[in-house]
Every structure is written in structure tokens, then in C-alpha cells.
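Inspection log for the structure reproduced underneath, given as C-alpha cells.
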Amino acid sequence: MNIKKFGGEFKLIEKISRTAKNKNVIVGIGDDAAVLKFGNKNLFVTSDMMCEGDHFSRAYYSPKQIGIKAMVSNLSDIAAMGGLPLYAIVSIALNDDTTVEQVEQIYNGLYKVADRFNVDIIGGDTTHGAVLIISITLIGQAKGKRIITRAGAQPGDVIQVSGPLGGSEAGRQLFKRKIKGFERVKKLHTEPSCRLDISDQIATYATAMADISDGLASDLRNICKSSGVGAIVNREAIPIADNVKRAAHLLGTLPSDLALYGGEDYQLIYTVANKFSEKVPGVTIGEIISGDKIYLENKGERKELTRFGFDHFL
Ligand code: ADP
Ligand code: MG
């Protein structure tokens, strides 16, 4: 069956998933990173791939930016577990028009981000392919026994995000439509940052956490599904930078739609008990409720959120 007809990426992953047999697998498929008990430590392992044409285009990404984004997307999944990243394994498929200089530039990008967070590239694989593909496996470590999964959200918890959203999708659409200017917005797409700068502080209080890689609609839904809860999100509370709002206006789209359905912002979304919400950096966008539905509230009107964020097959 065609994957789109089947229901997309997430349905497919569900179909191929099995429960791990080894008891040292504390968290297997279904979170931002797997958690493995290793001696008296907990390790995090995650993998993310970027394919030319789907994730990036060399028409508007420099090779260095391809490297930056590939490393950031992986570090972001370690941040989402409240972990400390340690080692990266980098595999690349290179097509005929890739030059040595371009590969060096990709690695300049990878090392720039890796160095900032004291991550070593310890291995990988190099091969030929029809398009440029870069796949990274990141290994990290938990702080003590602390693991923040997507599964701990409780009714009454507030929902927060770590910073402004929608910039990456705005940038992507600006590039696609060849709109001039908005250089800073475009950079949010080609050179994103991850939130390892504050993830440890957030993880002290978070009951559940994920990174926003597929759009608020999907990443909040993942938390709700894993935690067995519902949510109410206030559309007007979703933080959007002013220049992104201006870009949205020009693109003819609602700024909050860019945040909900776009993705690749690599901010964190997390839930925290109401009494701790002031202690955590970030912006409150809603509240966890019982049930399994997610509602969007806008100027007092409440509607069920039925759309998903980004899916490669839908
Ligand atoms: P994220 O966006 O946080 O990187 P994904 O949505 O890519 O997470 O993946 C969701 C879960 O499915 C993760 O636990 C991931 O490891 C797992 N997963 C994705 N693709 C596969 C696959 N082909 N085989 C096994 N597990 C997979
Ligand atoms: Mg993730």
C-alpha cells in the first residue's frame, strides 16, 4: 500500500515497532531518544537524517548550514530528554556533484555546533548516493537518574514552549517563493539553534517534554498521546517573533499556523505543574486536561485541533 494512503510516517513507525526484549532498554521506540541503562548510568541514543530535496536544497543552503542543521536536529532530541550530549556518529551519502570543499564545509558546520556543546564526532560512514544525505546518531547521558519522556504530563499542568515559533517554516516558504529580504527569518530555517542552553533548567521541573521538530500540533499531540491526556492551547499565546509575523502577513498565512503545522523550530515544548511554572524559562501557551482531545482556543472560541504538523508522506 502507498504510505500516504496508509496514514503517513507515524502510522508506519507504529506498524514496524516492536517492544524491546532487553530489560536495559528503559525507553524504546516512541520518544525523542531511546534510553538505555548502562551500568549505573542512563544513556540516550537518537538518530536523525537530512535528505537533499526533502530537508534541504543546495539552492539556498550553504554546505556549512547543512552541517549545522543536521547536528542541531540531533542535539535537540537529547535536549528534549533533559540529557547531556556526548558523542556523534556521522554517515554521509554523496552524489556526483559534491566536491571535497563542500564536504569540508559541511564538517565545518557539524564541528561548529558539536564544539559548542563539547560533542565529539567518533565515527560514521561515507558512501555514494543519488542525492546528498546526512544521518547522525547522537549518544548522550542522563543527569543522574533524570529522564524526561513525553509520558509524564498530568491534567492541570501548564504547557510551555522555550521560545518563539514558526520562524523556520516562514523562512522555508520565503525561500520557496523566492521572496527577497527577510534574511534573519530565512536564517531561522537554514541555521536553527537547539535549546541545550536551557534544557537542563527546564528538565528540573518538566513532567513531560519534546522538541518541536514537526510542528506544535504534532509534537504536543505526541506528548498527549504518550501521557494519556488532552490539552487546551491558546492560539494568541503562541510566541511568534515580530519579523516572522510580518513574513506571515506577506505569505498570506496566520503566524500561529506556521508554528502549529510547520516544524523545525527546535524549541522545546514541556509541561510543568502549575506551582512551578514561574520557575521555568519559557512561555505558557495552554493547559493539560483529562481526556484525549486537543483544543485550540482563539478569542474565547474553542475548536478541536484535528490537523497534524509536518509528515514527509502526507
Ligand atoms: P523525532 O522527531 O523526535 O526525531 P521521530 O518522529 O523521527 O522522532 O521518531 C519517533 C520515534 O520513532 C523515535 O523513537 C524514533 O527513534 C523512532 N523511529 C523512527 N523511524 C524509525 C525506524 N525506521 N525504525 C525504528 N524506529 C524508528
Ligand atoms: Mg524530537
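When only alpha carbons are used to place a centre, region 1-25 and region 256-314 end up 24 Å from one another.
In this simple spin-label approximation, GLN154 and THR19 carry label points 7 Å from Cα along the Cα→Cβ vector, and these lie 2.6 nm apart. Here region 80-136 and region 181-206 have alpha carbon centers that stand 19 Å from each other. Students often get this wrong, so check it: of LYS23/LYS143; LYS23/LYS145; LYS15/LYS225; LYS225/LYS293; LYS187/LYS245, which have C-alpha atoms separated by over 18 Å? Correct reply: LYS23/LYS143.
Considering only SER47, LEU138, MET81, the residue lying farthest towards the positive end of the dipole of region 3-142 is MET81, judged by Cα position with unit charges set on Cβ. Taking other C-beta atoms within 10 Å as the exposure proxy, VAL158, VAL25, VAL100, VAL45 rank VAL100, VAL25, VAL45, VAL158 from fewest upward. Counted by neighbouring Cβ atoms within 10 Å, the residues VAL283, VAL27 run from fewest to most as VAL283, VAL27.
Using a Gaussian network model of the chain in which every pair of alpha carbons under 10 angstrom is joined by a spring, one finds that among LYS11, LYS21, LYS180 the greatest mean-square fluctuation is at LYS21. Whole-Hz Karplus values for region 153-162 come out as 5, 10, x, x, 5, 8, 9, 10, 10, 7 Hz, taken residue by residue from phi with 6.51 cos²θ - 1.76 cosθ + 1.60 and θ = phi - 60°; glycine and proline positions read x. In the chain, helices alone account for a calculated mean residue ellipticity at 222 nm of -9000 deg cm²/dmol, with every DSSP H run of four or more residues adding -39,500 (n - 2.57). For LEU86, the residues 5 or more places off, or on other chains, whose built amide H falls under 5 Å of its own are ILE139, GLY140, GLN141.
Which one, GLY309, ALA259, ILE288, is farthest towards the positive end of the dipole of region 258-314 when Lys and Arg carry +1 and Asp and Glu -1 on their Cβ? Of the options given, the answer is ILE288. Segment ASP115..CYS51, full-extension length gain: 20.7 nm, with 0.36 nm per residue of separation and the alpha-carbon distance subtracted. Residue order for HIS128, HIS189, HIS55, fewest other beta carbons within 10 angstrom first, comes to HIS128, HIS55, HIS189. Taking only the C-alpha atoms of region 178-308, Rg followed by Dmax gives 15.1, 46 Å. Between MET209, MET50, MET81, the GNM of the chain built on Cα springs shorter than 10 angstrom shows MET50 fluctuating the most.
Less than 5 angstrom separates the built amide H of GLY163 from those of LEU268, VAL283, all sequence-distant by 5 or more or on a different chain. Looking at the calculated P(r) for region 19-178, what percent of the C-alpha pair distances fall above 30 Å? Counting pairs separated by more than 30 Å, the tail of P(r) holds 24 percent.
The numbers here are math on the coordinates, done by the rules we state, and not lab data. In this text the structure is predicted, and so the values were computed from the model without any measurement. Positions of Cβ are backbone-derived with ideal geometry, glycine not excepted, and every protein chain shown enters the neighbour counts.
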